[in-house]
1. Under the rule a/c < 1.5 gives rounded, and otherwise a/b versus b/c splits prolate from oblate, where does segment 124-185 land using the Cα gyration tensor?
2. Taking only the alpha-carbon positions of segment 21-174 and ignoring solvent, what does the Debye formula give for the base-10 log of I(q)/I(0) at q = 0.20 Å⁻¹?
3. Filter the trypsin sites (Lys or Arg not before Pro) in segment 121-221 to those in DSSP coil with at most 14 other Cβ atoms within 10 Å of their Cβ, and list the result.
4. Given H placed on each backbone N at 1.01 Å, which residues far from LEU165 in sequence or on other chains put an amide H within less than 5 Å of it?
5. Under a plain spin-label model, where a point goes 7 Å from the Cα along Cα-to-Cβ, how far apart in nm are ALA175 and ASP194?
6. Quick check: the angle from helix 167-184's long axis to the longest principal axis of the chain, C-alpha only, nearest 10 degrees?
7. Add -39500 (n - 2.57) for each DSSP H run of 4 or more in the chain, then divide by its residues: what number comes out at 222 nm, to the nearest 500 deg cm²/dmol?
8. Multiply the residue gap between ARG209 and THR57 by 0.36 nm, knock off their C-alpha separation, and tell me the result in nm, one decimal place.
Amino acid sequence: MAKIALEGVDKVYSGGVKAVNHLDLEIADGEFMVLVGPSGCGKSTALRMIAGLEEITDGKLTIGEKVVNDLPPKNRDIAMVFQNYALYPHMTVEQNLAFGLKLRKMSKPEIAERVKEAAAMLGLEPYLKRKPAALSGGQRQRVAMGRAIVRQPQAFLMDEPLSNLDAKLRVQMRASLNQLHDRLGVTTVYVTHDQTEAMTLGDRVAVMRDGKLQQVDTPKNLFDRP
Ligand code: ADP
Ligand code: ADP
């Protein structure tokens with residue numbers, strides 16, 4: 001777990017679009033922070049800069065105690081979950097969960113232990129021997145989250161992970177995400193355009209518009225005002 005701090009962070013894309021404009025945001029150790037705002041406001045760009053998938057034009061980004069501006073994604077110890085869960089179609093759920101750990105040369109017993117734990121947390125035990133094609137959308141999204149969980153990273157970054165699911169599944173997955181966060185307490189940055197999602201998931205919510213941070217507060221303070 002680690003805090004994440006953005007100080008005066010700018011992103012100007014090569015075409016000249018200023019996608020993120022002087023973003024100051026501190027996410028506490030173990031906090032679930034939601035970035036919310038309309039399409040095009042810069043949420044994904046902000047998240048991708050934290051992940052190291054996009055260069056920072058100006059400003060300072062710290063994860064834990066480390067300034068990570070120039071650190072490649074693989075050295076940031078974060079795990080990202082996208083809306084298009086990229087599972088390996090030829091592998092079973094179990095193999096999908098284990099794959100990243102195998103690449104890291106982790107021992108077989110430890111891999112088995114982590115896979116078992118993640119599968120239990122996500123209710124995936126009955127599906128471990130199935131391939132992704134034989135899973136529902138919600139089950140696939142759980143596997144995608146499982147792949148992030150087994151890595152035991154310092155932070156989770158999630159970009160609209162529920163937006164491909166139908167309304168009923170979204171409600172279920174929101175509850176699962178809340179439970180997971182309560183259990184694991186891993187610092188999480190979660191991007192969505194959906195206010196309900198922001199409200200039900202976030203410890204705090206950062207509202208963005210036109211590349212700028214408009215306000216940051218608890219869901220209660222932001223949305224329950226008369
Ligand atoms: P959001 O996630 O809130 O929908 P984005 O971060 O995707 O917003 O986009 C913010 C702005 O940056 C938009 O104007 C978008 O068109 C622009 N943008 C995003 N990605 C790129 C890119 N790779 N090249 C140029 N402009 C981009
Ligand atoms: P996975 O762990 O998802 O099976 P790989 O092990 O092939 O994927 O990952 C290749 C590199 O990308 C690794 O160095 C890892 O640190 C990084 N990486 C893998 N998964 C993620 C993720 N979900 N978010 C961010 N970086 C990742």
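The numbers here are math on the coordinates, done by the rules we state, and not lab data. All values reported here derive from a predicted model rather than from experimental measurement. Methodologically, a virtual Cβ is constructed for each residue, glycine included, from the backbone with ideal geometry; neighbour enumeration extends over all protein chains shown.
1. It is oblate, given that a/c is not under 1.5 and a/b is not larger than b/c.
2. -1.33
3. LYS129
4. none
5. For the pair ALA175/ASP194, the computed spacing is 1.5 nm.
6. Result, in degrees: 90.
7. My calculation for the chain gives -10500 deg cm²/dmol from helical runs alone.
8. Answer, rounded to one decimal: 52.8 nm.
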